[in-house]
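Written out below as structure tokens is the structure these notes cover.
The values are calculated or read from the model by the stated rules, or taken from the named source; none is laboratory data. These numbers were taken from a predicted model, which means no experiment stands behind them. Cβ placement follows ideal geometry from the backbone for every residue including glycine, while neighbour counts extend to all protein chains displayed. Heavy atoms of the whole protein, side chains included, go into the accessibility calculation; ligands, DNA and RNA do not. Shrake-Rupley method; radii C 1.70, N 1.55, O 1.52, S 1.80 Å.
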Amino acid sequence: MFDNLSGRLDSVAQRMRGQGRITEENIQETVREVRMALLEADVALPVVRSFTEEVKKRALGAEVAKSLTPGQAFIKIVQDELVRVMGEAAVPLNLNVQPPAVILMAGLQGSGKTTSIGKLARYLTEREKKKVLVVSCDVYRPAAIEQLATLAKQVGVEAFPVSSGGDPQRMARQAVDHARRHYFDVVLVDTAGRLTIDEAMMDEVKRLHRAVDPAETLFVVDAMTGQDAAKTAQAFGEALPLTGVILTKADGDARGGAALSVRQITGAPIKFLGIGEKTDALEPFHPDRIASRILGKGDVVSLVEEVERSVDQEKAKRLEQKLRKGGKGFDLEDFREQMLQINQMGGLGSLVDKMPGMGQHADQIKDQLDDRFVRRQLAMIDSMTPAERTRPDIINGSRKRRIADGSGVPVQDVNRLLKQFKQMQKMMKQIKKKGGMQRLAQRLMGGGGGPGAGGMPPGLGR
Amino acid sequence: MSDEQSTGQRRGLMGRLRNSLKRTRSGLTDGLAGVFSGRRRLDDEMLEELEARLLSADVGIEATETVLNGLLERFGRAEIKDGSSVFEGLQEEIAKVLEPVAQPLRIDAAKRPFVILTVGVNGAGKTTTIGKLASRLQQEGRSVMLAAGDTFRAAAVEQLKQWGEQIDCPVIAQSTGADSASVVYDAYEAARARGVDVLIADTAGRLHTQANLMEELRKIRRVLARQDTASPHETLLVLDGGNGQNALAQAEKFGEAVQVSGLVVTKLDGTARGGVLLALAQRLRVPVRYIGVGEGVEDLRPFDAKEFAAALATE
């Protein structure tokens with residue numbers, strides 16, 4: 001997400017850097033470009049207007065005039081505005097009420113409410129150790145109730161049994177009662193998708209809200225939504241006291257305009273991003289980090305957190321020791337471990353997104369590194385004997401053929417894997433030498449000149 | 001919406017469409033007559049206002065420029081007789097962009113079964129569209145069979161089966177988690193054996209950026225082509241009418257992967273204006289087959305450029 005906006009703003013920034021002075025005239029053109037970039041990214045028009053006006057006002061103000069590098073100062077203003085529009089700091093769920101804390105989800109058809117409930121149930125169970133009950137009040141869409149029941153089973157939480165002939169309000173109230181009596185911490189209430197102009201349905205969700213008195217009322221919105229995000233968000237915000245937003249399908253190439261619009265218009269903070277098909281693909285939303293991702297500065301904090309959460313500390317320590325010894329003892333088994341961990345962190349694509357300096361290159365790189373490639377490498381290593389994995393030198397022609405047959409790849413691929421592995425060993429020796437880390441970083445980032453395939457870490461390029 | 005009729009009431013099809021698209025329309029030209037009144041010529045202020053309105057209908061920068069340039073050419077700086085001539089001009093310019101892609105779906109009776117593969121991102125409305133389309137084709141006197149190719153999303157198979165029951169249409173399904181291509185293969189065999197006219201295959205929603213899932217779609221196509229080289233005879237991409245410029249990326253990527261031959265744009269009965277259709281028409285020229293303007297089976301309407309333009313910009 002945000003790649004396109006990020007690219008456009010990047011080119012605006014490049015030109016501004018060269019400006020010695022900011023004047024009414026040169027700012028006019030730049031602000032127009034920012035406006036176009038935002039509109040192309042599907043930011044709602046009213047939000048674009050207030051955004052550009054604010055940027056312009058501040059750009060002509062004292063802080064820029066005094067600055068020695070007005071271009072830089074201008075970029076800073078754009079970044080500040082982005083953060084301001086999306087909300088300054090991350091806002092977590094507030095579940096500090098007498099249990100059970102009820103979370104009500106509302107949104108248009110197909111925005112991803114039911115899927116998000118499944119993900120949120122898993123998130124609350126695993127990361128916050130809550131006992132979660134889910135209940136579907138969608139009595140309209142065929143099989144909506146079955147969908148939530150199936151998801152609940154998948155993520156290991158209880159689904160309150162309801163029938164499609166029931167009354168949504170009664171069903172919700174019964175579920176909350178059930179939760180109270182059985183000591184659940186949280187009840188997630190799914191609702192039917194509805195259009196904001198459907199008065200009867202909007203009334204229904206209002207009544208539902210009154211009936212369960214939720215601690216959190218979350219508006220679920222598709223990241224790919226266009227200008228309509230503004231209207232829809234406003235209508236839901238008027239009907240319900242929204243406490244937060246879940247932005248779904250944010251793993252695609254949506255330009256993320258909805259993220260900017262929805263926060264500004266409802267005033268409710270974005271709390272989560274839905275970033276994939278699997279039930280663990282839900283990420284807390286950090287506005288400041290996203291703003292720096294938009295401006296191509298990467299999101300290192302999230303990357304580090306992600307690594308910390310998914311990497312097995314034991315294994316990481318072992319690998320680190322090997323690295324310190326200059327790659328002595330680093331074998332294909334360790335290589336395999338690394339691949340598996342990349343997979344666990346949501347694949348290469350999600351890592352590339354968060355790396356600094358990727359900007360427009362992110363897409364290019366992602367094209368090159370699809371995750372099938374990682375899987376193929378894993379398959380090759382899996383087809384090796386333990387002896388081959390610890391001492392790759394013993395792999396001769398006939399062993400290569402066997403490995404290739406075993407993993408269903410041509411022999412050349414096995415050769416390439418072994419070569420990459422050797423390069424990696426060599427690189428580790430360099431790290432040990434003084435200043436090696438810097439050189440490594442340079443190689444990883446392609447010497448600062450935009451990472452191409454040649455600049456990728458060995459073993460990751462194709 | 002005080003003038004909104006109660007939903008239960010029957011209306012003529014034209015009325016239905018106009019009513020459903022009215023939000024689309026009122027958003028675009030609401031109060032515009034006020035802006036136009038008393039003006040002698042197409043001045044910058046008017047153009048700016050029109051630009052803003054087109055942009056906020058998701059028309060996109062490129063198509064907006066086309067429409068406005070057309071309007072400028074039409075009127076130049078000459079005097080405007082009255083406001084309504086501007087509206088007419090606007091309608092005609094919009095229709096001009098849309099007309100080339102308004103091509104209805106034609107089912108070749110010689111191809112039996114005529115195979116329609118539906119694809120799209122998650123939540124675009126594929127399954128619902130299939131239900132409505134099947135019912136429509138049945139009403140035209142064709143026999144229809146459905147293939148529950150969405151084996152990924154929880155209860156997607158059940159959702160399609162319930163549609164099948166509702167409109168009395170056979171559904172070929174395996175369990176959730178089964179290989180989607182194999183379901184479609186089974187369905188093709190069954191459709192041929194029973195002499196069914198049209199087979200509509202559902203697929204799981206997928207973001208167009210996921211290479212491995214797009215590969216899965218290609219496999220379904222390959223499996224179908226092995227049965228009948230011309231099949232699937234139609235590959236429909238279902239787009240959410242509320243989507244903005246990202247719809248272009250969707251159409252491009254799905255087009256590359258599975259040669260999309262037609263579009264269905266859903267959910268145009270809400271506040272979404274579907275202006276992205278103009279951007280799509282201008283950039284990609286993929287035929288638009290149907291638009292979804294409501295919950296009812298009859299609310300899947302063949303796309304008509306003039307009608308759409310009229311609904312989008314009426315005085």
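For A:Ile103, state whether it is touching a Leu at 6+ places or on another chain (Cβ under 7 Å), surrounded by 23 or more Cβ atoms within 10 Å (Cβ to Cβ) and more than 12 Å from chain B (Cβ to nearest Cβ). It is true that A:Ile103 is touching a Leu at 6+ places or on another chain (Cβ under 7 Å), surrounded by 23 or more Cβ atoms within 10 Å (Cβ to Cβ) and more than 12 Å from chain B (Cβ to nearest Cβ).
Scanning the stretch A:402-429 for residues that are surrounded by fewer than 16 Cβ atoms within 10 Å (Cβ to Cβ) and either within 15 Å of A:Gln377 (Cα to Cα) or polar (S, T, N, Q) (or both) yields A:Asp405, A:Gly406, A:Gly408, A:Pro410, A:Val411, A:Gln412, A:Asn415, A:Lys419, A:Lys422, A:Gln423. Within the stretch B:163-184, at least one residue is within 14 Å of chain A (Cβ to nearest Cβ), of a type in the set (Ser, Thr, Tyr) and surrounded by fewer than 16 Cβ atoms within 10 Å (Cβ to Cβ). Counting only residues that are aliphatic (A, V, I, L, M) and assigned to a loop (DSSP other than H, G, I, E, B), which one in the stretch B:203-222 is nearest to the other protein chains (Cβ to nearest Cβ)? Checking each candidate, the answer is B:Leu207.
Taking B:Gly123 as the residue in question, decide whether it is out of contact with any helix residue (DSSP H, G or I) (no Cβ under 8 Å at 6 or more places or on another chain), within 14 Å of chain A (Cβ to nearest Cβ) and open to solvent by 10 Å² or more (accessible area, probe 1.4 Å). Yes; evaluated as a whole, the condition is true for this residue. Per this entry, B:Ser85 is not counted among residues that are farther than 30 Å from B:Ala191 by Cα, of a type outside the set (Val, Ile, Thr), open to solvent by 10 Å² or more (accessible area, probe 1.4 Å) and in contact with a helix residue (DSSP H, G or I) (Cβ under 6 Å, 6 or more places away or on another chain). Please tell me if A:Phe219 is within 12 Å of chain B (Cβ to nearest Cβ) and under 18 Å from A:Asp138 (Cβ atoms). So A:Phe219 fails the test. Of the numbered criteria (1) at pLDDT 75 or above; (2) part of a helix (DSSP H, G or I); (3) in contact with a Lys or Arg (Cβ under 7 Å, 6 or more places away or on another chain), the one A:Gly71 fails is (1).
Considering only residues that are more than 7 Å from chain A (Cβ to nearest Cβ) and touching a helix residue (DSSP H, G or I) at 6+ places or on another chain (Cβ under 6 Å), which ones fall in the stretch B:148-162? Listed by number, the residues that qualify are B:Ala148, B:Gly149, B:Asp150, B:Thr151, B:Leu160.
Here the stretch B:223-246 is the region considered, the condition is being in a helix (DSSP H, G or I) and over 30 Å from A:Gln227 (Cα atoms), and the residue that is most open to solvent (accessible area, probe 1.4 Å) is B:Arg226.
Considering the stretch A:106-212, the qualifying helices (runs of 4 or more DSSP H), each wholly inside and each with 2 or more residues that are within 14 Å of chain B (Cβ to nearest Cβ) and open to solvent by 40 Å² or more (accessible area, probe 1.4 Å), run over A:113-126, A:144-155, A:199-212. In the stretch B:264-292, the qualifying residues are those that are among the hydrophobic types (A, V, I, L, M, F, W, C), away from chain A (no Cβ under 11 Å) and touching a residue at least 40 places away in the same chain (Cβ under 8 Å), and the one that is surrounded by the fewest Cβ atoms within 10 Å (Cβ to Cβ) is B:Val286.
Scanning the stretch A:222-234 for residues that are buried (at least 20 other Cβ atoms within 10 Å of the Cβ) and part of a helix (DSSP H, G or I), we see that the one that is farthest from the other protein chains (Cβ to nearest Cβ) is A:Ala233.
Looking across A:Ala179, A:Ala200, one residue alone is in contact with a strand residue (DSSP E or B) (Cβ under 7 Å, 6 or more places away or on another chain) and farther than 22 Å from A:Leu273 by Cα. It is A:Ala179. Pairs under 9 Å by beta carbon, first residue in a loop (DSSP other than H, G, I, E, B) in the stretch B:46-58, partner open to solvent by 30 Å² or more (accessible area, probe 1.4 Å), six or more apart or different chains? The qualifying pairs are B:Ser56/A:Pro46. Somewhere in the stretch B:149-156, is a residue at pLDDT 95 or above and surrounded by fewer than 24 Cβ atoms within 10 Å (Cβ to Cβ)? No: the stretch B:149-156 contains no residue that is at pLDDT 95 or above and surrounded by fewer than 24 Cβ atoms within 10 Å (Cβ to Cβ).
Is there a residue being under 19 Å from B:Gly149 (Cβ atoms), surrounded by 24 or more Cβ atoms within 10 Å (Cβ to Cβ) and within 14 Å of another protein chain (Cβ to nearest Cβ) anywhere in the stretch B:247-263? Yes, the stretch B:247-263 contains at least one residue that is under 19 Å from B:Gly149 (Cβ atoms), surrounded by 24 or more Cβ atoms within 10 Å (Cβ to Cβ) and within 14 Å of another protein chain (Cβ to nearest Cβ).
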